[in-house]
Amino acid sequence: MSKEKSVDGAIRQKNKQKILTAAKQEFVTYGFKGASIKRIAERAGLPRANIHYYFENKDDLYQQLLSEILTLWNSSYDTLNSEHSAKESLTAYIRAKVMYSKEDPDASRIFASEIIHGAPHLKNYLSDEFKVWVQSKVAVIQGWIDDGQLNAINPHHLLFLIWGATQHYADFSVQVTSAMDKNELSEQDFEDVVESLTTIILTGCGL
């Protein structure tokens, strides 16, 4: 690969990421229907034509943003595997999910909004890739139960509990900070969240 092509590729990737970051801010503020390509371009500091160079339309941009969010969730924040003990894996998973709510709350809110509105852009994902991923995690959790590491609980409901509890701090942050009489949660607050949820969930699992 020539130096020119390498530089050009880097510029393309940088611009595309700037657009996705701007789109995340736009979609979380206005939702899919209210989001504007014009405002996304302004947020990214790029000409509107650049948006259409990288993405066919608003729907394509939104789909790619959702895909980026889901790819990260299912890889970087996936510690539920049979290579480690139930306690070690669940502890790491809870921490990762809480810290994701802290570091990228907009991504969680966009996903939550999509689901609340019937997941019109995620129907194929939910009926295919998502089901495969969930089934693999249910199998891991069931394996821990069969090994006597966990109480005889429903693996699906354990996953739902972790998702709901951890993502609450992103999706309902206004409610959380209001209840705690804070303008925003501090680093220590999030460490307290991790400790509390880990204790509650692991205790309920018999760990």
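The values are calculated or read from the model by the stated rules, or taken from the named source; none is laboratory data. Worth saying up front: this structure is predicted, and the values here are computed from it rather than measured. Using ideal geometry, Cβ is built from the backbone for each residue, glycine included, and neighbour counts are taken over all protein chains shown.
Quick look at the values:
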item: Residues located in segment 98-124, provided they are part of a helix (DSSP H, G or I) and not hydrophobic (A, V, I, L, M, F, W, C); result: Tyr100, Ser101, Lys102, Glu103, Pro105, Asp106, Ser108, Arg109, Ser113, Glu114, Lys123, Asn124
item: Which listed residue, of Glu88, Glu68, is without any contact (Cβ under 8 Å) to a residue 60 or more places away in the chain, in a helix (DSSP H, G or I), within 16 Å of Ala23 (Cβ to Cβ) and charged (D, E, K, R); result: Glu68
item: Residues satisfying the stated conditions in segment 1-41, i.e. assigned to a loop (DSSP other than H, G, I, E, B) and modelled with pLDDT under 85; result: Met1, Ser2
item: One residue from Val193, Val132 being under 21 Å from the mean Cα position of the chain (by Cα), crowded, with 17+ Cβ neighbours inside 10 Å, in the same structural domain as Ser85 (by TED's automatic domain parsing) and closer than 19 Å to Tyr93 by Cα; result: Val193
item: Exclusive hit being aliphatic (A, V, I, L, M), without any contact (Cβ under 8 Å) to a residue 60 or more places away in the chain and under 26 Å from Val174 (Cβ atoms), set Leu61, Leu122, Leu46; result: Leu122
item: Matching option when the condition is in contact with a Gly (Cβ under 7 Å, 6 or more places away or on another chain) and either closer than 30 Å to Glu191 by Cβ or assigned by TED's automatic domain parsing to the domain that holds Glu187 (or both), among Ser101, Ser82, Ser89, Ser127; result: Ser82
